[in-house]
Amino acid sequence: MLRGRRRMECTLDAQSLISISLRKIHSSRTQRGGIKLHKNLLVSYVLRNARQLYLSERYAELYRRQQHYPDGAPLLAMPACPPPPAASAAAPPELAALPLPPDTQDREARSCSAVRGGAELLEVPVCAAPPELQRAPCRDSSPAFYRASSAGPGPGSPPGLLYAAGCDFGAPHCSSRTTVLDLDTHVVTTVENGYLHQDCCSQCPCCCQPAPGLASPPPAPGTKRKYYPGQEEEEGVEEGEPGGGGVAGGPPFAPCTKRARFEEYSAEHPQDSSNISNLISIFGSGFTGLVSRQQADSEQPLNGQLCSKQALASLGAWTRAIVAF
Amino acid sequence: MQHVIRFQSSELCPIYPEVEDSNTKRYQIFGWLSCWTKQNTWFQILPNLGAGGGNDIQWCFSQVKGAVDDDVAEADIISTVEFNHSGELLATGDKGGRVVIFQQEQENKTQSHSRGEYNVYSTFQSHEPEFDYLKSLEIEEKINKIRWLPQKNAAQFLLSTNDKTIKLWKISERDKRPEGYNLKEEDGRYRDPTTVTTLRVPVFRPMDLMVEASPRRIFANAHTYHINSISINSDYETYLSADDLRINLWHLEITDRSFNIVDIKPANMEELTEVITAAEFHPNSCNTFVYSSSKGTIRLCDMRASALCDRHSKLFEEPEDPSNRSFFSEIISSISDVKFSHSGRYMMTRDYLSVKIWDLNMENRPVETYQVHEYLRSKLCSLYENDCIFDKFECCWNGSDSIVMTGSYNNFFRMFDRNTKRDITLEASRENNKPRTVLKPRKVCASGKRKKDEISVDSLDFNKKILHTAWHPKENIIAVATTNNLYIFQDKMN
């Protein structure tokens, strides 16, 4: 792929590229003439490339860390991998099975909703991230689509709580649905989507139980949720997405991923990187056609777990988003 | 195979060529190619590099059309330029949905040093903005392409298209009108029949020329995605229209149906990897067309093979150079335009940084590649940020297929001479707007010390881009569209 940053003379790195690309996708929604399929496809290629670089860097770093802490430091996590589509999800969840420290507030932020909001038809609401991770503001502060989730100040979120209100953790990811309008057949379908919550849920044992201390139940399906950094709201997609259809703490957690997803202990990491990794994982699910087999296979195994190509193969909602226009 | 060797001569000494071809100015001399070999070879004497170029054509400013304002109204942005088959008419389309047609003045004997000027012939509103209520989509009125039909009678016909609808326009002249009606006054009022005492036969009398444009056919509702190309078949009865995922074949007389001949929409849109970016019929074979993709491939299809030409007859693709891989490789390899040569033997494609000439008989690589603005390769990040990397440049052939032309930034445009392998960069600017001023070649300094008269890459104005150019089918007259102005250049006639 990209051989080092030298190749790119500009100062942008993978994260900036991702945020810029998302901004473009978002703004294309409001442009006259509707979404341009060609341009969005090209932007998605850049997203994929940036994501790959970002992920490979993360892997490299995790690997280095593993070298440092050979006893398997807790919270070593793989950058989130996109989950396989619901259809193929059958494997039992492979949680990190690492005892999670109480300060799981160091979870990475999710800007799922932000991303969705920009990219249309994306699934599942956002999980709020612990505040520490939100300290550094997202690179672009303006666009509505890209907001770091934030659970507010530390004390505000109970330990172990991975998300703020509205993030229907408990709801199986599998049940996230998006509504798609096929331009050709004019058929409106509600599609069961992939698992964009994989990161949140994978390592949180509390997901498996009715989440105690949940701040509030997720919003009712179909409601719009506003999402601002530092607040426990989230911005949902306008398409009347059913919001995952579950009640936090209700149905038992049933992640559909085949791989362990590790959450990275990123306390010492730049906060925005955590946002990015979530975005990447979310969008990772959106790049089936774009991600070749080789790239999928080349991702390093970590702790024996791989982001399998099926994971990457589940192109998510956002090309459907394009279809809808 | 012809090698073009550029060499610095260490000394000049007269030598009598053994063979001389004065047509092409080639001389065969017995020359030392290196210390060890001595062989006969053709040496072509080239004039001083840097002055002129482009097959020794000296390009002069002729005219500029459009507002002088720096403040460009969005509706005035030119979106397509096309000469008709004789070159007498030049059509432009803009973002506001209007078509403006210029007509060349007949050459008169007093002005033998220049060809006729182009003046406005007709202006009409081709497309209006529409709203698709079903999909909640606004449909832009911007004219994406204009294609002329060959002239069959006194009227002219052209096809113009926006994102969704193609229209066939008839442009006709009226220079006579009937006068002398019995029941109508000259101003149109009706006469009282009882006052008519004598009868006369109305006659045609000359009047001021009036050019009327009327839509004869409207071809609508056949494209789900945005139309990017239209191309008239050499049978002059059918034409194709291409959007991002499909190509449809129409008959010019029939508006209520079209045949879908290419469909690359995947069953699952999640698997979408490429879109169609341009399509064109072969100039001579009415069964052959090509379409280019966002992945940098061109597919040639034969309509005789099957009704649905999803399977190509030929696939033209050049393997990617792995050393040039970057975040933006996919974007810059996307083809923005494809044009057959007039002969039909070659086709030219334009991607973001280069122009490639393909021989239809060779699929695995182009026969010629010309770098348009390679100095931008290191700036792709910034160009991505400001969206310039998505600009779709067009390209065109000259009448004899010996020179190709395409646009760049800073209102520069480039010409590549396929025979001499020389290229030239010119600028479309109002600064040189005295007629018959010879354009000075421009040069961009990629790095290092900037010489006098060179422009550094960082001072290029990326808002001034030339996306659309057209070459007269027979003469050395070119039309170059900047954002909202149309420049016409001619070669210097002596």
key: Residues satisfying the stated conditions in the stretch B:321-340, i.e. among the small types (Gly, Ala, Ser) and either touching a His at 6+ places or on another chain (Cβ under 7 Å) or facing chain A (nearest Cβ under 7 Å) (or both)   = B:Ser326, B:Ser334
ask   = Is it fair to say B:Phe316 is more than 14 Å from chain A (Cβ to nearest Cβ) and under 17 Å from the mean Cα position of the chain (by Cα)?
value = no
task = State which residue is nearest to B:Ile227 (Cα to Cα) when the search covers only the stretch B:117-148 and only residues that are within 13 Å of chain A (Cβ to nearest Cβ) and assigned to a strand (DSSP E or B).
result = B:Ile139
message = If B:Cys309 satisfies all but one of (1) in a strand (DSSP E or B); (2) in contact with a Cys (Cβ under 6 Å, 6 or more places away or on another chain), what's the number of the condition it fails?
response = (1)
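Conditions tested, residue by residue: (1) within 14 Å of chain A (Cβ to nearest Cβ); (2) part of a strand (DSSP E or B); (3) over 26 Å from B:Ser79 (Cα atoms).
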position: B:Leu158; (1), (2), (3): no, yes, no
position: B:Arg177; (1), (2), (3): no, yes, yes
position: B:Thr197; (1), (2), (3): no, no, yes
position: B:Ile218; (1), (2), (3): no, yes, no
query = Taking B:Lys449 and the conditions (1) farther than 29 Å from B:Asp359 by Cα; (2) touching a strand residue (DSSP E or B) at 6+ places or on another chain (Cβ under 7 Å), which numbered condition does it fall short on, given that it satisfies the others?
reply = (2)
request  = Test A:Leu47 against the criterion of being in a helix (DSSP H, G or I), crowded, with 20+ Cβ neighbours inside 10 Å, modelled with pLDDT of 90 or more and more than 8 Å from chain B (Cβ to nearest Cβ), and give yes or no.
outcome  = yes
message = Tell me yes or no: at least one residue of the stretch B:280-299 is surrounded by 21 or more Cβ atoms within 10 Å (Cβ to Cβ), part of a loop (DSSP other than H, G, I, E, B) and either within 14 Å of chain A (Cβ to nearest Cβ) or modelled with pLDDT of 95 or more (or both).
response = yes
Residue within the stretch B:351-359 that is closer than 19 Å to B:Arg418 by Cβ, within 14 Å of chain A (Cβ to nearest Cβ) and not in a strand (DSSP E or B) present = yes
request  = Please go through the stretch B:160-175 and pick out each residue that is of a type in the set (Val, Ile, Thr) and not in a loop (DSSP other than H, G, I, E, B).
outcome  = B:Thr161, B:Ile166, B:Ile171
query = Counting only residues that are modelled with pLDDT of 90 or more and either hydrophobic (A, V, I, L, M, F, W, C) or more than 13 Å from B:Phe412 (Cβ to Cβ) (or both), how many does the stretch B:439-457 have?
reply = 5
request  = Answer yes or no as to whether B:Lys176 is among the basic types (Lys, Arg), under 26 Å from B:Leu149 (Cα atoms) and at pLDDT below 95.
outcome  = yes
Flag if B:Asp263 is within 26 Å of the chain's Cα centre (by Cα), within 13 Å of another protein chain (Cβ to nearest Cβ) and crowded, with 22+ Cβ neighbours inside 10 Å = no
Evaluation of B:Phe413 against (1) farther than 28 Å from B:Glu431 by Cα; (2) surrounded by 16 or more Cβ atoms within 10 Å (Cβ to Cβ); (3) away from chain A (no Cβ under 13 Å) (one fails), failing number = (1)
key: Test result for B:Glu128, surrounded by fewer than 19 Cβ atoms within 10 Å (Cβ to Cβ), in contact with a strand residue (DSSP E or B) (Cβ under 6 Å, 6 or more places away or on another chain) and not small (Gly, Ala, Ser)   = no
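The values are calculated or read from the model by the stated rules, or taken from the named source; none is laboratory data. Fair warning: this is a prediction, and the values are worked out from it, not measured in the lab. Virtual Cβ from ideal backbone geometry, glycine too; neighbours counted across all protein chains shown.
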